[in-house]
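Presented below is the structure to which this report refers.
The values are calculated or read from the model by the stated rules, or taken from the named source; none is laboratory data. Everything numeric in this text was worked out from a predicted model, so none of it was measured. Don't worry about glycine lacking a Cβ; one is built from the backbone with ideal geometry, like all the others, and counts go over all protein chains shown. Surface accessibility is based on the protein's heavy atoms, side chains included, excluding ligands, DNA and RNA. Shrake-Rupley method; radii C 1.70, N 1.55, O 1.52, S 1.80 Å.
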Amino acid sequence: EVSDADIMELVHSSLGRMTIIRQVFPLWKDTNVRCMRNNHRISSLLCDPQEGYLQSLEVSNLYLYDSVLMLANAFYKKLEDRKWHSMASLNCMRKSTKPWNGGWSMLDTIKKGRISGLTGMMDFRTEGSNPHVQFEILGTSYSETFGKDVKRLASWDNTRGMNGSLKENRIESGMQGVTLKIVTLLEEPFVMVGENILGQPKRYKGFSIDVLDTLAKVLGFKYDIYQVGDWEKADLAISAITITPERESVVDFSKRYLDYSVGILMRKSEEKINIFSLLAPFDLAVWACIAAAIPVVGIMIFLLRRIQAVRCQNTAGGPPQPSVSTSLQSAIWIVYGAFVQQGSDSILGSVALRIVMGSWWLFTLIVCSSYTANLAAYLTVSRMDNAVRSFQDLSKQVDLVYGTVRDSAVYEYFQAKGTNPMEQDSTFAELWKTINKNNAFENSVSSPSEGIKRAKEESYAFLWDMAVVEYAALTDDDCTLTVAGNSMSTRGYGMALQHGKSLQRPLLSEDIGASGKR
């Protein structure tokens, strides 16, 4: 259930290919019978497309209308056939009401019914399915210009099945057996040198190489690949090449095969081991008060028990009292046992003793509960990751220096955003100020490898392609690196072709299924 407006909104906000399946309802072409369905007249607001009200109704509302119509049709059939079952025994207010004898008969009449409603023709098979349901399948092409290629790919109904194809028409490339010269630049994990065999050509591996191999298999061409040299003699360039408007003015690009985003590579925060961390939930003054309260209450218990013992001795003819230790050491031990919730074997005879111990038990309950809650919160906070999780966090802190590769696509992006006076968010202005400090020679680096090395050895955050920094963190032998950040643009990676090459059309139009988010 999705409208045309919803589809356009989804297409404009999405990055990848989208397929939409939705139910459709046929319109009556004959205007004379459009609003008259089997002796049932439908309001012109609902049956006349020119009114515009029908298109605004949700599918659930259409089915609700037809469900009531189907039920009314069943009632009419029952009355017409004089097979109506009395409802006199039904009472919705009493739980003891017996089931209606005509229930199964009415259900059978509904299943055998046939109506023409807002959703089209409706009747049911033996198993209860409606054979008149129809669907349409819409699709979008994966391109840099979104929202322009929404089209109906196919339709489906119960009689004919699928009418159309979800596969794109494959273009006859004419590249069968052609050998292409491909230039590349090493950048992990897109292009890396593989294991080479003596006497064999240099082998490469990586994500871009996997895409190239699949493309060669689909189109039937072969290729010779070499590292950066003479671009003029190359048919194709493949590496971590992002598709930008500036580059599109010089070369042609294939469809994107991977979404582009920027990540923040930095060292993991070191976990500080503190043997006194169990004392962290309370302040030192609180611990001092608790430590002082134990002997104070113990002395109170000691004095009250001594007074109780003296009174018992002076009471003539009183009942024999149990033998209870009245030493100060015993009283403090009782108080401490209550504090650590270990109970006590003492006998509290007087009301004064019971009041003091009852108050102390309530105090220990509150203190222990507060300590447990604060300890859980402290341990949770101490285990959280780095405070930097986004560009906003990075721009607000001052302890971590950050930068990117000078004169790169990432560098130009932060420059454009940071110097744009129309940019309402000051985040990028702060980021650009730090990145470009001392003409970018202080915080930025000359190559991705230098930035990764600096992030590993120093208190430094390296801003670079998410795929590259994630690979660096995953392959770090010491496991000291972590990645943060989120998607910052709608760009993607593609293969570059020279303008006017004869292989432009098949490579620009071929879709090998590798596109989409990682």
Using r as the Cβ-Cβ distance of ASP108 and TRP84, and R0 as 22 Å, what FRET efficiency do you calculate, to the nearest 0.05? 0.95
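May I ask you to order 463-471, 116-124, 435-443 by the average number of other C-beta atoms within 10 Å around their residues, highest value first?
Details: 463-471: 22.4, 116-124: 18.7, 435-443: 15.0.
Peptide ranking by packing, descending: 463-471, 116-124, 435-443.
Tell me, what is the FRET efficiency for ASN420 and THR475 to the nearest 0.05, using R0 = 35 angstrom and their Cβ-Cβ distance as r?
Details: r = 36 Å, r/R0 = 1.03.
Once rounded, the FRET efficiency stands at 0.45.
Express the carbon and sulfur contribution to the solvent-accessible surface of the range 212-260 as a percent, rounded to the nearest whole number, probe 1.4 angstrom. Kindly include the intermediate steps, with their values, before the conclusion.
Numbers: 1200 of 2310 Å².
It is 52 percent, rounded to a whole number.
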Label points 7 Å out from Cα along the Cβ direction at CYS289 and MET192: separation in nm? 5.9 nm
Distance in nm between ALA376 and VAL483 label points, each 7 Å along Cα→Cβ, equals 3.4 nm
Local charge sum around PRO131 (other residues, Cβ-Cβ under 9 Å, Lys/Arg +1, Asp/Glu -1)? -1
Between ARG247 and VAL398, what FRET efficiency follows from the Cβ-Cβ distance if R0 is 56 Å, with the result rounded to 0.05? 0.95
Which ³J(HN,Hα) values, rounded to whole Hz and listed in residue order, are derived for the range 246-263 from phi using the Karplus coefficients 6.51, -1.76 and 1.60 in 6.51 cos²θ - 1.76 cosθ + 1.60 with θ = phi - 60°, glycine and proline given as x? 5, 6, 5, 6, 10, 10, 9, 10, 6, 5, 5, 10, 7, 6, 10, 8, 10, x
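For the full complex of protein chains and a 1.4 angstrom probe, list ILE264, ILE355 by accessible area with the highest value first. Write down the numbers at each step before the final one.
Values: ILE264 0, ILE355 105 Å².
Highest to lowest solvent-accessible surface, that is ILE355, ILE264.
Keeping every protein chain present and rolling a 1.4 Å probe, give me the accessible area per residue for the range 354-459 in Å². Intermediate results must be reported in sequence, preceding the final value.
Numbers: 6470 Å² over 106 residues.
With the other protein chains kept in place, the range 354-459 gives 61 Å² per residue.
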Looking at this model, which pairs from LYS396/LYS417; LYS396/LYS437; LYS181/LYS205; LYS417/LYS453; LYS77/LYS98; LYS217/LYS255 are more than 20 angstrom apart at the alpha-carbon? LYS417/LYS453; LYS77/LYS98
